[in-house]
Amino acid sequence: MLGLLNGINFEITRNQQKLLKSNLMSGNSPFLLLLLPLIFQIIFGIKSVAERLKLNFSKVCLISILSQIIVSFVAFKIISRDLKMRSGGQIRCGMPLVGIITLELFLIIILLVIILIQFLVKKYYNRNDK
């Protein structure tokens with residue numbers, strides 16, 4: 001397959017096509033996927049604390065914690081599949097997997113801290129209302 005990049009012709013092999021397609025399909029998507037439950041908790045947790053949402057705070061927290069666990073497994077599988085595809089079917093180095101597990105644990109801790117802060121704010125608002 002011939003392509004044109006800044007007026008320079010170059011040839012792309014089939015392996016490079018697969019790698020390019022893999023990068024376009026996954027790329028940063030596992031990392032963005034890991035942030036979705038955190039963003040959900042921040043947005044809907046604030047709305048729930050302010051009582052502008054029909055879901056109560058405990059349901060919002062449960063949804064975000066469960067989705068963080070599920071998304072962590074999905075992101076791990078995506079990165080593991082990409083590593084296998086890039087290395088010819090066998091993972092040669094597991095450091096990217098260790099990195100994603102560490103990032104997942106860090107994001108779960110951040111999620112729990114955000115939930116704790118939102119809970120304390122809700123408790124403070126309820127105490128002032130009485």
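A compact table of results
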item	result
Residues of the range 106-123 classified as more than 19 Å from F44 (Cβ to Cβ) and surrounded by 11 or more Cβ atoms within 10 Å (Cβ to Cβ), total	1
Residue satisfying condition, being of a type in the set (A, V, I, L, M), under 17 Å from P37 (Cα atoms) and free of Cβ contacts under 8 Å to residues at least 12 places away in the same chain, within set V113, V98	V113
Sole residue being within 30 Å of N128 (Cβ to Cβ) and part of a helix (DSSP H, G or I), chosen from I69, I109, I78	I109
L97 within 21 Å of the chain's Cα centre (by Cα) and farther than 13 Å from C61 by Cα	yes
Answer residue from the range 43-73, given it is surrounded by 14 or more Cβ atoms within 10 Å (Cβ to Cβ) and of a type in the set (S, T, N, Q) and is modelled with the lowest pLDDT among those	S48
Total residues in the range 92-105, condition open to solvent by less than 70 Å² (accessible area, probe 1.4 Å) and modelled with pLDDT of 80 or more	6
Some residue of the range 26-42 being open to solvent by 80 Å² or more (accessible area, probe 1.4 Å), touching a residue at least 60 places away in the same chain (Cβ under 8 Å), closer than 23 Å to Y124 by Cβ and not small (G, A, S)	no
Residue that is nearest to F31 (Cα to Cα) [pool: residues in the range 74-91 that are out of contact with any helix residue (DSSP H, G or I) (no Cβ under 8 Å at 6 or more places or on another chain) and either loosely packed, with under 11 Cβ neighbours inside 10 Å or at pLDDT 80 or above (or both)]	K77
Single match in L38, L32, L24 (criterion: in a helix (DSSP H, G or I) and either more than 18 Å from I100 (Cα to Cα) or at pLDDT below 85 (or both))	L24
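The values are calculated or read from the model by the stated rules, or taken from the named source; none is laboratory data. Computed from a predicted structure; not experimentally measured. Methodologically, a virtual Cβ is constructed for each residue, glycine included, from the backbone with ideal geometry; neighbour enumeration extends over all protein chains shown. Accessible surface is based on the protein model in full, side chains and every heavy atom, while ligands, DNA and RNA are left aside. Shrake-Rupley method; radii C 1.70, N 1.55, O 1.52, S 1.80 Å.
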